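Below: one structure, written as structure tokens.
The values are calculated or read from the model by the stated rules, or taken from the named source; none is laboratory data. None of these values were measured; they are calculated from a predicted model. A quick note on method: Cβ atoms are made from the backbone with ideal geometry, for glycine too, and the neighbour counts reach across all protein chains shown.
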């Protein structure tokens, strides 16, 4: 009798241990949640977020939106699922990240009914692209709304669980939550990576990927782009070439221009950034768009910028091969008159600080060190920094660190600020 009980217990333990992710048998990455499994359900109704569905064992793992309790339910082929409005749907339509209402048998925790939650305060935002995650405060801003998240907030990409830091501004998300808390994030449209090859003729010019990503071409650069098909164009002065590429989620696409004959043009490219959105830009008397890449004939051009309430700006520029960025800061008319009458004899620390092209401060004392994975290729905002361990200057603001290691690329969003200790990262265990 004792041997029989031991056999039954071992089988049950094996079933629990082999519970897999939504895709079947693959293990969950990046998260180790210690919330205890519920062994007794006090009520036969509950609401929670789906973390795992195991079609081999017919088990489904739910985390309560009320207290984060983990419960493993069972189901069978006859279990029916319902939409939020109460219509019958296939059980296979359920997926990780869904928030569901459960009715079950208290005795064996077998699901009687499961439906997309219609509970008050449960919400869903789709096609989310305007978001920002702050790991220091464990908050997520979607548009103008601020939500909190916790260790029981699960993030999924292609059915696999990922760390929230792996989300990228190029991603499109489905975000679900309860009240002011985020319960799950599903990457609806993810990002991949693009590198250039055979681009020596275009180094120093710029690359434009479907209008989504426009960057100055640097040796060894890595570009993060939303998955999809694009026309990629490279320009450098009078040389221009383009081709079609397809970017696949989490994979690297090499755009090789060695087999593309460049078209020779007598033009150059310039982007004129103006700090006043309603300003009018003219180039040689013709009205053109500010804050966009312009293709102009090679040679000298006169630009003028004007806006109501601001002093006019005028200068001459030289357009040749390569890509230029010109920043124009219009001054309020009253401030400009004052500055003409009196000149300050001192400069503020901000005025003398080194800044990058986005206006972020490049620290003169703080450094960032990426120690692992050792030997991994490290990119900072797409710029190759070296192999780990590698140290470089801290640049304030939100940035993306990408790691290429063992033919796999992962990206992590970080927020950096100046004034404290040097920042150190080790992505070995990520």
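Of everything in the range 113-141 that's in contact with a helix residue (DSSP H, G or I) (Cβ under 8 Å, 6 or more places away or on another chain) and farther than 27 Å from residue 84 by Cα, which residue is surrounded by the most Cβ atoms within 10 Å (Cβ to Cβ)? So the residue we want is 133. Of the strands (runs of 3 or more DSSP E) contained entirely in the range 382-430, those carrying at least 3 residues that are closer than 12 Å to residue 371 by Cα fall at 390-395, 423-426.
Checking every residue in the range 104-111 against the condition of being under 15 Å from the mean Cα position of the chain (by Cα) and farther than 19 Å from residue 54 by Cβ gives zero matches. Would you please name the residue that is surrounded by the most Cβ atoms within 10 Å (Cβ to Cβ), looking only at residues in the range 351-370 that are modelled with pLDDT of 90 or more and closer than 19 Å to residue 413 by Cβ? Ranking the qualifying residues of the range 351-370, first place goes to 370. Evaluated against (1) without any contact (Cβ under 8 Å) to a residue 60 or more places away in the chain; (2) closer than 18 Å to residue 224 by Cα, residue 410 falls short on exactly one condition, (1). Going through the range 228-263 one residue at a time, which ones are surrounded by fewer than 20 Cβ atoms within 10 Å (Cβ to Cβ), in a loop (DSSP other than H, G, I, E, B) and touching a strand residue (DSSP E or B) at 6+ places or on another chain (Cβ under 7 Å)? If the condition is that a residue be surrounded by fewer than 20 Cβ atoms within 10 Å (Cβ to Cβ), in a loop (DSSP other than H, G, I, E, B) and touching a strand residue (DSSP E or B) at 6+ places or on another chain (Cβ under 7 Å), then 238, 248, 249, 250, 251, 258, 260, 262 are the ones that fit. For the range 95-118, filtering for residues that are under 23 Å from residue 143 (Cβ atoms) and outside any strand (DSSP E or B) leaves 3.
Considering the range 371-390, and only residues there that are more than 21 Å from the chain's Cα centre (by Cα) and on the phi > 0 side of the Ramachandran plot, the residue that is surrounded by the most Cβ atoms within 10 Å (Cβ to Cβ) turns out to be 386. Per the listing 205, 190, 228, 210, the residue uniquely out of contact with any helix residue (DSSP H, G or I) (no Cβ under 6 Å at 6 or more places or on another chain) and free of Cβ contacts under 8 Å to residues at least 24 places away in the same chain is 210. Considering 64, 46, the condition of being within 21 Å of residue 121 (Cβ to Cβ), at pLDDT 90 or above and surrounded by 20 or more Cβ atoms within 10 Å (Cβ to Cβ) is satisfied by 46 alone. Of all residues in the range 246-257, those that are at positive phi and in contact (Cβ under 8 Å) with a residue 24 or more places away in the chain have Cβ atoms under 9 Å from Cβ atoms of residues that are surrounded by fewer than 18 Cβ atoms within 10 Å (Cβ to Cβ) and part of a strand (DSSP E or B), 6 or more apart or on another chain, in 250/408. Evaluate the range 89-102: report whether one residue or more is surrounded by 12 or more Cβ atoms within 10 Å (Cβ to Cβ), over 30 Å from residue 400 (Cα atoms), in contact with a strand residue (DSSP E or B) (Cβ under 6 Å, 6 or more places away or on another chain) and without any contact (Cβ under 8 Å) to a residue 40 or more places away in the chain. Scanning the range 89-102, I find at least one residue that is surrounded by 12 or more Cβ atoms within 10 Å (Cβ to Cβ), over 30 Å from residue 400 (Cα atoms), in contact with a strand residue (DSSP E or B) (Cβ under 6 Å, 6 or more places away or on another chain) and without any contact (Cβ under 8 Å) to a residue 40 or more places away in the chain, so the answer is yes. Filtering the range 142-167 down to residues that are more than 22 Å from residue 66 (Cα to Cα) and free of Cβ contacts under 8 Å to residues at least 24 places away in the same chain, which residue is surrounded by the most Cβ atoms within 10 Å (Cβ to Cβ)? Checking each candidate, the answer is 143.
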